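What follows is calculated from the coordinates using simple rules that are stated; it is not laboratory data. Everything numeric in this text was worked out from a predicted model, so none of it was measured. Neighbour counts run over all protein chains shown; Cβ positions are idealised from the backbone, glycine included.
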Amino acid sequence: MLRIRRPTSRKLAQIARECEGAPLTYEHVGATLSGDLPSGYVHDDTSVLLGTGAGVFEAARSSLQNWAAHRGAGLVMSDGASLEEGTTVALTAPLPVAHAIATCRIVRVVDEPNRYGFAYGTLPLHPEDGEEAFLIERDGEDVRFRIVAFSRPRFWAARMARPIARRLQVETLHDYLRAMQRAVS
């Protein structure tokens, strides 16, 4: 869904509520966390070192819980979106001439001693089909923020503008990484 003017977080919350019962638009629920990404999709797996130690891990965890990656990347989120399985979120991303609205549902939450995050999957009001996971991972002392995703265009307009859409998608991935670095530093 495209809008000329950027919708408010209140409007996005209304859109999220309207999509609460909508089905996911893909079959491979949880694949971003299992490591078994499905064929027929573009795959992304990228990460950035946030720092070292338990303090960095906790700061990153808290930042992710407050949607720092998304907000820091310039996305506007629906109000009150909690990181719980089953939560439906709506967000908007700026495009050159409009704002794209996308709806997702949190399909998995990971809460382990050295790994924290969530995966969300696309709903019908999303220009893509697929899933994206946002993870804080600690390996020894190193703490990384990792994004794993699989996606493909859902609507004809996204398919027609695939090179541009893909470029924007990759830019957003890098914006997420930089946002988490800023949030934790």
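When only DSSP loop residues count, what GluC sites (Glu not before Pro) in region 3-49 have their Cβ near at most 10 other Cβ atoms within 10 Å?
Working: sites: GLU18, GLU20, GLU27; in loops: GLU20, GLU27.
Loop-located and lightly packed - GLU27.
Which trypsin sites (Lys or Arg not before Pro) from region 1-63 combine a DSSP loop assignment with at most 14 other Cβ atoms within 10 Å?
Numbers: sites: ARG3, ARG5, ARG10, LYS11, ARG17, ARG61; in loops: ARG5.
Listed in order of number, the matching sites are ARG5.
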Roughly how tilted is helix 9-18, in degrees to the nearest 10 and between 0 and 90, from the longest Cα axis of the chain? 70
Check: C-alpha center region 139-185 vs C-alpha center region 51-78, spacing in Å is 15
Looking only at PRO153, PRO127, PRO23, which one moves most when the chain is put into a Gaussian network model with springs between Cα atoms under 10 Å? PRO23
Just to be sure I understand the curve: with the Debye formula and one point per C-alpha of region 1-91, what is log10 I(q)/I(0) at q = 0.18, 0.21, 0.22 Å⁻¹? -1.13, -1.27, -1.28
Report, in debye and to the nearest 20, how large the dipole of the chain comes out about its Cα centre when Lys and Arg carry +1 and Asp and Glu carry -1 on their Cβ. 960
With everything on Cα atoms, drop me the angle between helix 54-65 and the longest principal axis of the chain, reported from 0 to 90° to the nearest 10. 20
Please list, by residue number, every one of the GluC sites (Glu not before Pro) in region 48-124 that is coil in DSSP and has at most 16 other beta-carbon atoms within 10 Å. GLU84, GLU85
Estimated 222 nm signal from helices in the chain, with DSSP H stretches of n ≥ 4 weighted -39500 (n - 2.57), rounded to 500: -9500 deg cm²/dmol
Measure nothing but the geometry: give the 0 to 90° angle between the long axis through the Cα atoms of 162-184 and the longest principal axis through the Cα atoms of the chain, rounded to 10°. 30
Using alpha carbons only, what's the Rg to Rh ratio of the chain with Rh from Kirkwood? 0.95
Dipole of region 22-104 (Lys/Arg Cβ +1, Asp/Glu Cβ -1, origin at the Cα centre): which of HIS70, GLY40, PRO96 lies farthest to the positive side? PRO96
